[in-house]
1. Can you name every residue in region 48-89 that is farther than 15 Å from Gln26 by Cα, touching a residue at least 40 places away in the same chain (Cβ under 8 Å) and assigned to a loop (DSSP other than H, G, I, E, B)?
2. Give me a count of the residues in region 34-47 that are on the phi < 0 side of the Ramachandran plot and touching a residue at least 40 places away in the same chain (Cβ under 8 Å).
3. State all residues of region 90-102 that are touching a residue at least 24 places away in the same chain (Cβ under 8 Å) and assigned to a helix (DSSP H, G or I); if no residue qualifies, say none.
4. Got a number for residues in region 90-103 being exposed (fewer than 15 other Cβ atoms within 10 Å of the Cβ) and either under 15 Å from Arg29 (Cα atoms) or out of contact with any Gly (no Cβ under 6 Å at 6 or more places or on another chain) (or both)?
Amino acid sequence: MKRRWARHAALAALAAGLLLASAGCQLTRQNYLAVSAGMPAQEVEKLLGAPRYRLDEEWVYTGDDPRDLTKASIYFNADRRVIGKCWRNPEKPWENHREGEVP
């Protein structure tokens, strides 16, 4: 009886850990495409989560998996509104995308 309970508890903990890990990863192509010009920085953060690097005029997002080379950059004006965005994936160059004011 104790072994069965311990096994179920271990499986439940593993499932919860996987769920939390997947919830933190918000950098998806669909979420990136939902970012549009004029969107405030707060809405971008709700959509994509916290950026890996937060610079004055650019937020940089990368995947959580070090083997994932996807990188997204969101560019802002002085009012903290989106003026451009860029998606780079060297493994899938047909997905690469630039829109708006991108340096």
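The values are calculated or read from the model by the stated rules, or taken from the named source; none is laboratory data. Not measured: the values here are computed from a predicted model. Glycine also receives a Cβ, built like all others from the backbone with ideal geometry; neighbour counts cover every protein chain displayed.
1. Across region 48-89, the qualifying residue is only Arg80.
2. Here is the first cut: in region 34-47, the residues on the phi < 0 side of the Ramachandran plot are 34-37, 39-47.
Then keep just the ones that are touching a residue at least 40 places away in the same chain (Cβ under 8 Å); that gives 35-37, 39-41.
Adding up the residues that qualify gives 6.
3. Glu95
4. The qualifying residues number 9.
Residue by residue, here is whether (1) at pLDDT 85 or above; (2) within 10 Å of the chain's Cα centre (by Cα); (3) surrounded by 13 or more Cβ atoms within 10 Å (Cβ to Cβ); (4) within 18 Å of Glu101 (Cβ to Cβ) holds:
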position: Met1; (1), (2), (3), (4): no, no, no, no
position: Leu27; (1), (2), (3), (4): yes, yes, yes, no
position: Ala50; (1), (2), (3), (4): yes, yes, no, no
position: Thr62; (1), (2), (3), (4): yes, yes, yes, no
position: Leu69; (1), (2), (3), (4): yes, no, yes, no
position: Gly84; (1), (2), (3), (4): yes, no, yes, yes
